[in-house]
Each structure stands twice: as C-alpha cells, then as structure tokens.
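**Student:** Dumping the structure here so I can ask a few things about it.
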Amino acid sequence: MLNRKAMALVMALVMVLLMAVPAFAQEPAQIAVWVAFGTARLDWTTQKAAQFNAAFPQYNVVVEGGLTYEGLDQKIKLAAEQGTLPGIVQYNEVSTTLARDSGNFKSIADALGDRTEVNGIPANFDDFVAPVKNYYTLDGKFTSMPWNASSAVMFSNMNMLKAAGIETIPATWAEMEAACETIMGQDGHPTYCFTWPNHGWFFEQWLAQQNASMANNDNGRSARANEVAFNSDAGYATLSWLKSMYDKGYLYYGGKKDGDSWDYVDQSFLPGTEVAMAIYSSSDTAYYTNTGKTNGFDVAASRLPYNQDAAGGWTGNIIGGGSLWLVNGLTQKQEDGALTFLMWLTNTENAAEWHQITGYFPVRQSSIDLLSTDGWYDVLDAAGTSQVWKDDAAVQAGKGTSWFGANPNFIVAAQQVADSQSTPATQGAVMGAFPDIRSIVTAATDTVLLTPDADVKAILDQAVADATKLLQEYETLNAP
Amino acid sequence: MSLSTPILIMLAGALAGAGLFYGLNRRSRTALVMGALGGIAGSLLFMVPLNFCMFETERTTLDIILGLILIVVGVLLVVIPLQWLFGRFVERRIAFTGSQAGTFKGTFTPFLLLAPTIVILALFLYYPSLDTFRLSTLLYRLGAKRSAFVCLDNFTALVDPDYLRSVFITLGLSLAIVVLGLSLGLLIATAAYQPVKGARIYRTLLIWPYAVSPVVAGVVFALLFNPAGGIINYVLKNLFGITIPWLNDPTYAPWAVIIASVWKSLGFNILFYIAGLQNIPKDLTEAAAIDGANAIQRFIRVTFPLLSPITFFLIITNMTYAFFDTVGTVVYMTGGAGPLGSTNTLIFRIYQLGVQNNDLGKAAAQSIVLFLMVIGLTVIQFRTTGERVNYGGA
C-alpha cells in the first residue's frame, strides 16, 4: 500500500535519476594516450590535448609519457596481458611488426571505414609525405598514424670546416675521408673529425642508400620476412668504411652503451671544440642548431654521406621515429574520439607546429608548403598553438619570413626523404624481432671497431646467423 | 622413441634405488622394495613433465647426456630423503609424540601462526621458482601469441664458447671483488679501530657507501671514469701523464666495474670487521705481546684467525653480491656487455634476456644454471674453508 512517505521517496528518486540522465549523456569519453616523450615534447602533447578537449568537449584526452621507447614497450606488453590498454599508444618504427602481429590494435583504415571525415576533420591521407605513408601501410591498409618522423642527417661545425678551408660539406664517403684528412692535417685540429652514435638505425640507413635490404621477401613487404640479409656487399662496405675511419683516428667512437650512445655524440660535438661533424637524427635539429648557436658556432645540417661506389649511386634513405596506434576493443564513442584526436594532432597546422619545436620533419606536404610561405606564423597562431611553441626562440625570431628560408637545417631531412626512390630497401624493413636484431647489428659494429684487424666478413656472417635464429623464433611464436 | 626407452629408464631407476637402499640398510625385502619404488619415482621425476623429450630420435648426444644426468639427479633426490625417513622410522630416533618445553600443545596452532608467512613465500618465492623450471623448457616471449615447447634446448644452447667466456668473466670479477673487498675492508677496519680522536665519526663515514645501491655506484663511477670529463683520468693525466680508456677498453672495463663494486661493498665489510675486532678479547693480544710478538705477528697469529668466522661470512656474502647485485653497476657503467663483451656477466645476460628482451624461456634456463653454480660454489666454500673456521674464543 503506497502511503505518502513512499510516494515522496519514489518521486525524489525519479527526480534524481532524471537530473542525472543529462549528466550521463554529457560525460566525456575518456581517451588515454601513452607516448614515450618527456620534457618539452610531452608538454607540447599535453597542451595540445587540452586544446583538443576544449574544442571537443565530448572527449577527454589524457596524455602520459616520460619513458624510453623500450620502457613504453614494456608498459604496453604488461597492460595487454592485464587488459588495461589505453586508447592510443606510440610505438617506434621497429616495433611496427610486433604491433601488427599482437592483435591489440585496429588499423586506421578499418576504424575509418567508408567515412571521409570524422567529427568535421577530413581524412586527407594522401597529403602525407609518400615514404612516411608507405612505411606505415601494411598489407595494403593504412595501419598507424605517422607522428614523429625523422631521417639520418649530418650536423657540421661550420666554423671548424671553414677554418680548414672546406666550404661545401662532404656528401660521399670519399669526400668525408678527404675532408677529414684536411681537417686533421692542420695545426690545432680538433681531437676527432666526426662521430656517430652506434645505433643499428644508421646501419640500416647506409644499406638503404646502397639499395640493399635488411631482410628477405622484399624487406618483408611482399611476404613475411624469415631470413635476414644484411651480410651483403653493402653491409660489408659500410662496416669496412667505418673501421677504416676509426683506424685512421678520424672517427670518435664513445662506446655502444647498448644502443643508447647518443649522449656520447652530444658530449663530444656540442661543446664545439672536440669534433667537427656529427652524424645524427634529424629529430634533434632544433636542439643541435640552437645549442651550437649558444656555444658560439654555426651548425649546418646536410644529408647522410653515402657510398659513391654503390651500383646506382644514392638510392634513398628510410624514415625513423614512431607512430601512433589505435587500440582495439574501445567503445564506439572512444574509438571515434581517439580517431578524431589522431587526425587532428597530425593535421596541417599541428604537424607544422610539431616540426618547428622538434626537428621531426613535417609529415604532411601541406605543412611543408605552409612553412615555405611567409605568413605561417599568423596561420598557426589563428589555429591555436601551444605554450611550448609560443616560447620557442627560433619560432619567434622567424616570424614573417619563410621558415625553411630562415632555418635551412630543418628542410634537409624532408628533402632527403622526398627525393628518395621508392624501393623495398628504402621503404624500410618489416620483420619480427627487429629491436633485437638492431641490438645484434650494434654489437657487431662495436666488435668490428674495437677489435684490431677485425674480420668484418666473419663478424657480419655471425651476426646474420644470430639474427636469423631470433627471427625464426619470432615467427614460431607470432606468425598467424 | 619407442615405448622401450621409458621402460628402460624406470628399470634402471628401480635397480639403482634398490641397490642404494639395500646397500645402506642391509635389511630385508622392505628396504629393497622401497628402494626400487623410490628409484622408479626418482627416475620419472624429471622425465614425466618433460615427456622424455630428450630421447627422441632427432636429438643430439648433448640432449641425451643431459637427460641421463637428470635421471640420476632425480633418483638421488628421491632416494636420499627416503633413506633418511626410513632410517628415522625404523630406528625410531625421533619421537613424534610427547611434548617438550617450547613446543606448541595444539596440532594446528603452529601452522596457523606460520600461515601468513607461508602464503606470502609460496606466492612470491616458491611459485615463481617452480614456474622458472617450467619456463626454462619453453620458448616464451612476453607479448607473443603463443609459446613453444623446446625440451632442453635452452640449456644445450649454453654449451657454447660465448657463455663459457661469460662464466670466466663472472668468476674473475667475483674473485677480484671478494679478495680486494675483504683485504681493503680489513685494512681500513684495523686502521679505523685504532683509538684515535674522532674514530667514531670515521667509522660512520666509512660505512656510508653501503647504503648506496649498486646502480648509484655504477652511475657515480661512470662519471668519475668518463674519458672526457672524469676526475680519475684528469688526475692520472696530471700526475702520471697517462690516459686510461676505462670504459672503452676490454682490458680496463672489468676493472672499472670491480673498483665501483668494491667501493660499494667496503662499507659492509668494514662494518663487520670492526664488530669482529671489538669481539677479540684484549688479553689474548696482550699475552702475545708479552711473549714477544710484534704487531704483524700479533695480527697474523691472533687477530686474523679469531676473525675467521667473520671472514667466512663475508666471503659468502661478497660472493653473492658479486654474482647477483653487480648487474646494476654493469648496466649503468659499461652499458651492459661492455666493450667487446668484456663485462658480460652471467647475471647481466639474464637481465638482458629477461627484462630487456622479455625472452623469458632462455632467461629462466640461465637463471637455473646460475643458481646451481652459486649453490655449488657455496657448498665448496663450506667444505673447504668452513672447516678451518674457529668459532668462539681460543
């Protein structure tokens, strides 16, 4: 029997529920993004997420970062085991095969379906620079969203080069040797001529320039790769060149530090007194150019020196860096939100902004075109920029002139990649156990350099045998 | 592999077990039967979980040898405890009834009180240890779609010059760390034990490095040894005019690791030696002095032998430290395997495989080998120098 008290209670409950309904409908979908970056790059991403959340209040993007690529890799593996994956993760380029094989991610093409735009953001994937789009297109489907793309370049201390009478930066291995001879021949020469971080990526770049693949089956692009192939003539030539430069005292090698030897290059090149040239990744163009200026010398970026004796000369270079992957199994709203964020973060203006504060080259052709005009500052400002961008000295200094005109170092990587011929070698390898194989290459390079009278061929053959074993183990455990 | 192999193995096990029991007990058929049963159980202990995989036709001699070793170990593992139990029961050397002072009256109280500890130990120590055995027979990568059973391949792959080199490097590093750590520790402890002003402060300061983790020691010494900006090379250059490529040269990199590890363990050694020195009764040294022994003779004949329990303890602890804890130092100083793999210790291999590459099968196999190695060394240690330790007074 419903008395008054009960009626009042029921009415109150109904009122509360009715009030809550709009709240439920408006609660923004949570999208967590895991990236590897820390410091300024993480700040940029966080600020951009805030900008996105303000423009799309139905979504709430939260960014987490501050790890190395390997650390983030671990975190993702553990989260996959526990079922706590976020909405979007970043993987570096060598983990592409692992990400694809894991089944934890949905390709962008599948998520987009037949749509041409999501939440008002057009899906203009053809605007992506071709090598970048091709790297992350697997089995004919556009799989992950390219975000930070780099290529191998060389930074030269122009003060030192000019003091030795060298006006043009060496472009080939022979020119490097000649330049080093000149530089090291004069009085008061720097301690070393050039340096490079012993990281397997550079070996892959040199191979790609000589149109040599890392693995079989067209570098894993026409069928799954199950054998490695880097003990080719090109691999032998690369390690022999490095060894001869090291033996002559031109090359400064700080140690392999298990592939994390970028610090040795920073410490030797950036003070400006020890080393004349540094082979490095274009991802730190901003850092190197600005630090050089602070330390009193001009830094000029140029393309990675290539083997002039290779059949066909210079074929092209591969990209490096990472991409963003969309996690499988999200709710429809979360997935749309994640897809929107991915497309918005890599739109023309944001890609241009990202390039300016890092040095990762702009992944969109429209971004490159925008930055070549004089009015880029106002366009970006109108679209909404991050505090990191507003605080960047080079950005403020370049207002009103063509960005690439005022900062020629920044276009080198993009041009190098754009000029590359598209062959399986330059498209980059798609193979399992790639991070481990890179470690094997790094260790082999270390052995070649540090062993006096090294038998380069034997060391390379052993490395290939070890790498093939690992690749075949990967295939046993992961092939579909 | 036909059905005959397991039957042969069980027969061999039965014979071995029966023979052992009969020989040890000189008893009747009960002993024989128990021995035979124990032998069968022992021989099957390792073979059944592995499904006799190492005797299959395409396996190498090494696999078969390992299989035979496992059978022998299995038989021993079952027969020896069985023999102990058998002996106790038959000769009634322990009374399982009757209460003595200090024992619990109820049957379940002790187990209830032990339960929390046992649960935690079981979950976090025993279960992972047993799982290691399971993992060592698999090809297992974290994040892979599936795992593959590879029998003893992870173990046979270790019979290889590269792994042997790691064994030598590890043994060499450990020997250096133990010898240097103990001798320096004793020297400094003796000096710090002298009745000088402020001795207490010195002792506290000397013990401090012990509080630091091996990783921090690695980072600090990596900076000190840095070829470009490190203090050590700066001093060497200005005083002696030499430059040593500490972290880049395969001959010097292990020494850099040794120096960093000895520095870190010095605090521990000094602490224990000072405590040991305090426990030496003064009248012994005085008596020796009266008898005409000088300082060095007093040290060698009186002090050092009385410190032998501490020395023995420190050798074991330092050895454990050198085998296991130095992985942090190695990772942060020489970036892992070091120049030309000169600091590629056994524990670093396990860290690289298990933590960095997530190759858990191989890491588990190497862990088991390292574990057996350290147990073996400890047993040898107890058998040889353990005999010469004098506990307590004269």
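No lab work stands behind these numbers, since they all come straight from the coordinates. Quick caveat, the model's predicted, so the values are computed rather than measured. Backbone-built Cβ (ideal geometry, glycine too); neighbour counts: all protein chains shown.
**Student:** Rounded, prolate or oblate, given the Cα gyration tensor of the range A:261-314, with a/c below 1.5 counting as rounded?
**Tutor:** The shape class here is prolate.
**Student:** What is the Cα radius of gyration of the protein assembly as shown over 2.2 N^0.38 Å, N being its residue count?
**Tutor:** Rounded to two decimals, the normalised Rg is 1.17.
**Student:** Can you grab the distance from the C-alpha centre of the range B:295-333 to the C-alpha centre of the range B:249-293, Å, no decimals?
**Tutor:** Centre-to-centre distance over Cα atoms comes out at 7 Å.
**Student:** Using only Cα atoms, figure out Rg for the range A:6-106 and give it as a multiple of 2.2 N^0.38 Å.
**Tutor:** Taking N as the residue count of the range A:6-106, the ratio is 1.53.
**Student:** For the range B:161-388, what is the convex hull (Cα atoms) projected area averaged across all directions, in square nanometres?
**Tutor:** 15.3
**Student:** For the range B:1-96, what is the convex hull (Cα atoms) projected area averaged across all directions, in square nanometres? Can you show the working numbers first?
**Tutor:** Details: hull surface 26.7 nm².
So the mean shadow area of the Cα hull is 6.7 nm².
**Student:** Strictly greater than 26 Å: what percent of every Cα pair in the range B:109-247 meets that?
**Tutor:** Looking at the range B:109-247, the distances longer than 26 Å represent 63 percent of pairs.
**Student:** Name the longest site-free stretch of chain B, where the excluded sites are trypsin sites (Lys or Arg not before Pro) in a DSSP loop with no more than 10 other beta-carbon atoms within 10 Å.
**Tutor:** B:198-394
**Student:** What's the longest piece of chain B with no exposed GluC sites (Glu not before Pro), counting a site as exposed if DSSP puts it in a loop and it has at most 16 other beta carbons within 10 Å?
**Tutor:** Here the longest segment lacking exposed loop sites spans B:59-394.
**Student:** Taking the alpha carbon gyration tensor of chain B, what are the square roots of 5 times its eigenvalues, largest first, to the nearest whole Å?
**Tutor:** Semi-axis lengths for chain B are 45, 34, 20 Å.
**Student:** Something else: Given the DSSP H assignment, sum -39500 (n - 2.57) over each helix run of at least 4 residues in the protein assembly as shown and divide by its residue total; what's the result at 222 nm in deg cm²/dmol, nearest 500?
**Tutor:** The per-residue figure over the protein assembly as shown is -18000 deg cm²/dmol.
**Student:** Please rank A:Asp446, A:Asp436, fewest neighbouring Cβ atoms within 10 Å first, as an exposure proxy.
**Tutor:** A:Asp436, A:Asp446
**Student:** How large is the dipole of the protein assembly as shown about the Cα centre if only Lys and Arg carry +1 and Asp and Glu carry -1, each at its Cβ, rounded to the nearest 20 debye?
**Tutor:** On the way: 52 positive and 66 negative charges, 918 e Å.
Charge dipole of the protein assembly as shown: 4400 debye, to the nearest 20.
**Student:** Can you classify the range B:328-394 as rounded, prolate or oblate using the Cα gyration tensor, where a ≥ b ≥ c are the square roots of its eigenvalues, rounded means a/c under 1.5, and otherwise it's prolate if a/b beats b/c and oblate if not?
**Tutor:** Prolate shape, in that a/c is at least 1.5 and a/b is the bigger ratio.
**Student:** Identify the residues of the range A:292-331 with backbone N under 16 Å of a label point that sits 7 angstrom from the Cα of A:Ala394 along the Cα-to-Cβ direction, or state none.
**Tutor:** A:292-303
**Student:** Report the gain in length on full extension from B:Ala275 to B:Leu205: 0.36 nm times residue separation, minus Cα-Cα distance, nm rounded to one decimal. List each step's numbers first, then the result.
**Tutor:** Details: separation 70, 0.36 × 70 = 25.20 nm, distance 1.55 nm.
Net length gain for the segment: 23.6 nm.
**Student:** Something else about it: Mean Kyte-Doolittle of at least 1.0 and a Cα length of 30 Å or more along the axis: which whole DSSP H helices of chain A meet both?
**Tutor:** Helices meeting the criterion: A:4-26.
**Student:** In addition: Run the simple label-point estimate for B:Gln297 and B:Ile7 please: 7 Å along Cα→C-beta, distance reported in nm.
**Tutor:** 7.6
**Student:** Skipping prolines and chain starts, which residues have an amide H placed within reach, meaning under 5 Å, of the one on A:Ala29, given they are 5 or more residues away or on another chain?
**Tutor:** Hits under the 5 Å cutoff: A:Tyr59, A:Asn60.
**Student:** Please list, in order along the range B:239-255, the HN-Hα scalar couplings obtained from phi with the Karplus expression 6.51 cos²θ - 1.76 cosθ + 1.60 (θ = phi - 60°), rounded to whole Hz, x for Gly and Pro.
**Tutor:** Result, rounded to whole Hz: 8, 10, x, 10, 10, 10, x, 4, 8, 10, 9, x, 7, 9, 4, x, 5.
**Student:** Here's another thing I want to ask about it. Counting only other chains, and only Cβ atoms inside 10 Å, what mean value do you get across the residues of A:433-446?
**Tutor:** Taking all residues of A:433-446 together, the mean is 2.
**Student:** Now a separate question. How do B:Val257, A:Val10, A:Val118 line up, fewest other C-beta atoms within 10 Å first?
**Tutor:** A:Val10, A:Val118, B:Val257
**Student:** Once each part is reduced to its C-alpha centroid, what is the distance from the range A:373-409 to the range B:338-394 in angstrom?
**Tutor:** Centre-to-centre distance over Cα atoms comes out at 58 Å.
**Student:** Counting other C-beta atoms within 10 Å, which of A:His199, A:His189 has the fewest, and how do the rest follow?
**Tutor:** A:His189, A:His199
**Student:** Averaged over all directions, how much area does the convex hull of the C-alpha atoms of chain A cover when projected, in nm²?
**Tutor:** Mean shadow area of the hull around the Cα atoms is 27.4 nm².
**Student:** Take chain B, connect every pair of alpha-carbon atoms lying under 10 Å apart with a spring to form a Gaussian network, then pick out the residue of B:Gly198, B:Gly218, B:Gly172 with the largest mean-square fluctuation.
**Tutor:** Comparing B:Gly198, B:Gly218, B:Gly172 in the GNM, the peak value goes to B:Gly198.
**Student:** Which FRET efficiency value, to the nearest 0.05, do you get for B:Thr317 and B:Ile120 by plugging their Cβ-Cβ distance into 1/(1 + (r/R0)^6) with R0 = 22 Å? Walk me through the intermediate numbers first.
**Tutor:** Details: r = 24 Å, r/R0 = 1.09.
Working from the Cβ atoms, E equals 0.35.
**Student:** Given a cut-off of 26 Å, name the pairs among A:Lys133/A:Lys257; A:Lys106/A:Lys133; A:Lys333/A:Lys390; A:Lys256/B:Lys362 whose C-alpha atoms lie farther apart than that in the structure shown.
**Tutor:** A:Lys133/A:Lys257; A:Lys333/A:Lys390
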